[in-house]
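**Student:** Below you will find the structure I want to go over with you.
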Amino acid sequence: MSDYYNSINDEAYADYSDRGSKFHAYLFPITVRADLEARIAQLKSAHLKARHHCYAYRLLGGVDFSSDDGEPSGSAGKPILNQLLSNDLVDVACVVVRYFGGTKLGVSGLINAYKSSAKYAIEEAKIIEKSITKELVCSFDYAIMGTVMDSVKQLGIYIKAKRLDQNPQIILEVPASEAESTKNRLLAKLLNRSVEDIESDTIYPGLKITFD
């Protein structure tokens, strides 16, 4: 399992023309489909005379989707999606707005136009590497707070958030692939045992660890 993926932080834009038809490509980051829907609504308001708003997106967790928005099946959304796939972009959407120029391009012409539009937008973007993390929620009795906090500090585990009152809780953030091993290391430290001795049902009295 990789703890990293390619994405973008800022929107990128490119345009493309073919036989009078104009294509405006917008590439932008999203984390849920609602982000895409909101941006499409904005683009439709800005391009009232455009005939098509074709798009594709990819979300972390293996969610891929594309839409031809009235163009012949497979001629618009899929070419856009293929560009996201070939550049291994995740949590990213691309919307290509088309103004018809009066001359039909044919399916092959449309495929090339939507592919090229998305490609040029990606070339304008600053691609960055992001990390995939997981949270370990540790809830514990007040009496062992000092012991738990000392163990976390000694192991060098990052504390994302904490609440140290009568019902203490800390949230640890670690690379996703290391979540289970981090839990085991913490239990081993608290129990003064080797990591190899820790089983899936091993507990430390007064401590509850869950994954978020």
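Readers should treat all values here as calculations from the given coordinates under stated rules, not as data from a laboratory. What you are looking at is a predicted structure, and each value in this text was computed from that prediction instead of being measured. Methodologically, a virtual Cβ is constructed for each residue, glycine included, from the backbone with ideal geometry; neighbour enumeration extends over all protein chains shown.
**Student:** What is the fewest-to-most order of D91, D64 by other Cβ atoms lying within 10 Å of their Cβ?
**Tutor:** D64, D91
**Student:** For the chain, what does the helix formula give at 222 nm: sum of -39500 (n - 2.57) over DSSP H segments with n ≥ 4, over the residue count, nearest 500 deg cm²/dmol?
**Tutor:** Using -39500 (n - 2.57) per qualifying helix, the result is -10000 deg cm²/dmol.
**Student:** Taking +1 at the Cβ of each Lys and Arg and -1 at the Cβ of each Asp and Glu, which of A14, Y57, L164 sits farthest along the dipole of the chain towards its positive end, judged by Cα position relative to the Cα centre?
**Tutor:** A14
**Student:** How far is helix 77-86 tilted off the main Cα axis of the chain, in degrees rounded to 10, range 0 to 90?
**Tutor:** Once rounded, one gets 50 degrees.
**Student:** Distance in nm between label sites at N87 and T103, each 7 Å beyond Cα in the beta-carbon direction?
**Tutor:** For the pair N87/T103, the computed spacing is 2.8 nm.
**Student:** Same structure, new question: With a/c under 1.5 counting as rounded, go ahead and sort segment 154-193 into rounded, prolate or oblate using the C-alpha gyration tensor (a ≥ b ≥ c being the square roots of the eigenvalues; past the cut-off, prolate if a/b is larger than b/c, else oblate).
**Tutor:** oblate
**Student:** Under the classification rounded if a/c is under 1.5, otherwise prolate if a/b is larger than b/c and oblate if not, where does segment 132-211 fall, given a ≥ b ≥ c as square roots of the Cα gyration tensor eigenvalues?
**Tutor:** Cα axes put segment 132-211 in the oblate bin.
**Student:** Here's something else I'd like to know. What is the chain's relative contact order, in percent, from Cα pairs under 8 angstrom and six or more apart in sequence?
**Tutor:** On the way: 409 pairs, mean separation 49.8, N = 212.
Reported as a whole number, the value is 23 percent.
**Student:** Looking at the chain as a GNM with Cα springs under 10 Å, which of Q166, Q83, Q42 has the largest mean-square fluctuation?
**Tutor:** Residue with maximal mean-square fluctuation among Q166, Q83, Q42: Q166.
**Student:** While we're on this one: Could you give the distance between the Cα centres of segment 146-172 and segment 35-90, to the whole Å?
**Tutor:** 43 Å
**Student:** Mind checking which of A118, A38, A12 has the largest fluctuation in a GNM of the chain, springs on alpha carbons under 10 Å?
**Tutor:** Among A118, A38, A12, the largest GNM mean-square fluctuation belongs to A38.
**Student:** Test of understanding: given the chain, find the longest segment containing no trypsin sites (Lys or Arg not before Pro) that are in a DSSP loop and have at most 13 other Cβ atoms within 10 Å.
**Tutor:** 127-192
**Student:** May I ask for the angle, rounded to the nearest 10°, between helix 33-46 and the longest principal axis of the chain, with both axes built from Cα atoms and the value confined to 0 to 90°?
**Tutor:** With rounding to tens, the tilt is 30 degrees.
**Student:** Using all Cα-Cα distances in segment 118-166, what percent lands in each 5 angstrom bin from 0 up to the longest?
**Tutor:** 4, 13, 20, 16, 8, 6, 6, 7, 7, 6, 5, 1
**Student:** DSSP loop (so not H, G, I, E, B), at most 14 other Cβ within 10 Å: list which chymotrypsin sites (Phe, Trp or Tyr not before Pro) in segment 111-196 pass both filters.
**Tutor:** Those that pass, being in a loop and sparsely packed, are Y158.
**Student:** R0 = 35 Å: FRET efficiency of R51 with K130, Cβ-based, nearest 0.05?
**Tutor:** On the way: r = 35 Å, r/R0 = 1.00.
With R0 = 35 Å, the Cβ-Cβ based efficiency is 0.50.
**Student:** In addition: Treating only the Cβ atoms of Lys and Arg (+1) and Asp and Glu (-1) as charged, compute the dipole magnitude of the chain about its Cα centre; round to the nearest 20 debye.
**Tutor:** So the dipole magnitude of the chain works out to roughly 780 debye.
**Student:** Let me ask you something else. Pairs K134/K208; K49/K119; K22/K115; K130/K162; K130/K153; K153/K189: which are spaced more than 22 Å apart, C-alpha to C-alpha?
**Tutor:** Working: K134/K208 16 Å; K49/K119 24 Å; K22/K115 13 Å; K130/K162 24 Å; K130/K153 25 Å; K153/K189 11 Å.
Among K134/K208; K49/K119; K22/K115; K130/K162; K130/K153; K153/K189, the Cα-Cα distance tops 22 Å for K49/K119; K130/K162; K130/K153.
**Student:** On a 0 to 90 degree scale, rounded to 10, what angle separates helix 106-124 from the longest Cα axis of the chain?
**Tutor:** Between the helix axis and the principal axis of the chain, the angle is about 50 degrees.
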